[in-house]
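Written out below as structure tokens is the structure these notes cover.
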Amino acid sequence: MLVKNDSQKVITELFFIGFDNVERPLAVGVIMLILYTLTMIVNTANIGFIVMDKRLHQPMYIFICHLAIVDMIYCTSSCPTMIGILLVGDKTISYKACMVQMFIYHFSGRLEMFTITVMAFDRFVAISMPLQYNSLMTNFRSVLITISLWLVGASIVSMLPASIAPLPVCYVTLKYIFCDYASITRATCADPETYFKATAILISCIIFGTFGFICLSYIKIAIVVSRMTSNNDKKKTIHTCLNHAIVVVCYYTLIFIRIILTRVGIVLTLEELNGLVVGSIILPSLINPFIYCFRTKEIRSKIFKIFSKVEPTVKRMQSF
């Protein structure tokens, strides 16, 4: 239940009640902490493998490294708050901190979509124009592309806090599990539906626009592959695209499930909705680095070399 501010005082602190009905908050919090910690470790390791090996300083790996950074920001934007609520019972957050969290959460989410889209374009150029790829997709241009993604993402998402910052806050409780646009808008005195319609159009354009571009890229890639005469070339091309295709499926599946369920009119409980939100944040960020670590030959070879060096060292230590 939302608690309304009847004293007409300026609200500077908000309270989360989204996890109040969770039966075993400590167990859920421990699981979430483990998943979050693992996500941070494997993404950091992925970045380390790419940075330390000069042979991997190529456009494709720059985008993989950038995706890992975005995944870490995406998880960090919300997971520490949820873990704090479940493990420590810290349900309070200042209004200003809530606005900052909302911005980082939506910004990193849009940045994830843009990065996955650019990676699809990179694969399309590499496969359809292999002889021109090195001249078109240089490291410098790849870095410029990633910087432009941050600027475009920040400019788009900045409209969200700008639209609700002037609104007075009437409710001190948030029935959600962290601060996003919906939770803060519902805490204001304004009619949230008016604001939801405008943002729904914007976010839908981004979601379907990026996904449509990715699908179009793969259709063109499929046409190029169908014209190849060598089966080996076809296999190499499919293997190159498969990593990215898995990342796309992992990220967009839960998003589309939420959209479809909402449009069909299926009413989800608060716990089910929270589960989908948590899954859409943690699962892609955790799965992505494993996909690129174990399915990319260069990174996989780097990992095997590291472990092959560590094993003799461990055996020598055990001998003492």
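The values are calculated or read from the model by the stated rules, or taken from the named source; none is laboratory data. Since the structure is predicted, the reported quantities are computational estimates derived from the model, not experimental observations. Please note: Cβ atoms are built from the backbone with ideal geometry, for glycine as well, and neighbour counts cover all protein chains shown. Note: accessible area is taken over every heavy atom of the protein model, side chains too, but ligands, DNA and RNA are not part of it. Shrake-Rupley method; radii C 1.70, N 1.55, O 1.52, S 1.80 Å.
Computed values, structure above
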item	result
Per-region count, region 25-51, residues over 30 Å from residue 90 (Cα atoms) and free of Cβ contacts under 8 Å to residues at least 60 places away in the same chain	3
Number of positions in region 66-80 that are open to solvent by 20 Å² or more (accessible area, probe 1.4 Å) and either over 16 Å from residue 34 (Cα atoms) or modelled with pLDDT under 90 (or both)	2
Only one of 26, 56 that is open to solvent by 40 Å² or more (accessible area, probe 1.4 Å) and over 17 Å from residue 116 (Cα atoms)	26
Residue in region 142-162 that is modelled with pLDDT of 85 or more, part of a loop (DSSP other than H, G, I, E, B) and within 19 Å of residue 67 (Cα to Cα) present	no
Qualifying positions in region 25-83 - over 30 Å from residue 138 (Cα atoms) and either polar (S, T, N, Q) or touching a Pro at 6+ places or on another chain (Cβ under 8 Å) (or both)	36, 37, 76, 77, 78, 81
Pair list, Cβ < 6 Å and 6+ apart or interchain, from region 178-205 residues that are closer than 25 Å to residue 15 by Cβ to residues that are open to solvent by 50 Å² or more (accessible area, probe 1.4 Å) and outside any helix (DSSP H, G or I)	187/171; 189/168
Matching residues in region 97-141 - criterion: being assigned to a loop (DSSP other than H, G, I, E, B) and under 15 Å from residue 63 (Cβ atoms)	137, 138
Of all residues making up region 65-86, the number that are in a helix (DSSP H, G or I) and either over 13 Å from the mean Cα position of the chain (by Cα) or small (Gly, Ala, Ser) (or both)	9
Pair list, Cβ under 6 Å, 6 or more apart: region 133-152 residue open to solvent by 60 Å² or more (accessible area, probe 1.4 Å), other residue in a helix (DSSP H, G or I)	136/125
Count - residues of region 227-270 that are in a helix (DSSP H, G or I) and open to solvent by 80 Å² or more (accessible area, probe 1.4 Å)	11
Qualifying residue in region 192-209 (condition: assigned to a strand (DSSP E or B) and at pLDDT below 85)	no
Residue check for residue 216: within 20 Å of residue 129 (Cβ to Cβ) and in a helix (DSSP H, G or I)	yes
Of all residues making up region 81-103, the number that are crowded, with 17+ Cβ neighbours inside 10 Å, closer than 17 Å to residue 282 by Cβ and of a type in the set (A, V, I, L, M)	4
Residue 61, sole failed condition from (1) at pLDDT below 90; (2) open to solvent by 30 Å² or more (accessible area, probe 1.4 Å); (3) aromatic (Phe, Trp, Tyr)	(2)
Any hit, region 9-22, residues being open to solvent by 20 Å² or more (accessible area, probe 1.4 Å), under 30 Å from residue 238 (Cα atoms) and either modelled with pLDDT of 90 or more or in contact with a helix residue (DSSP H, G or I) (Cβ under 9 Å, 6 or more places away or on another chain) (or both)	no
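One line per residue, one yes/no per condition, for (1) among the hydroxyl-bearing types (Ser, Thr, Tyr); (2) over 30 Å from residue 230 (Cα atoms); (3) touching a Gly at 6+ places or on another chain (Cβ under 6 Å):
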residue: 82; (1), (2), (3): no, yes, no
residue: 90; (1), (2), (3): no, yes, yes
residue: 105; (1), (2), (3): yes, yes, no
residue: 120; (1), (2), (3): no, no, no
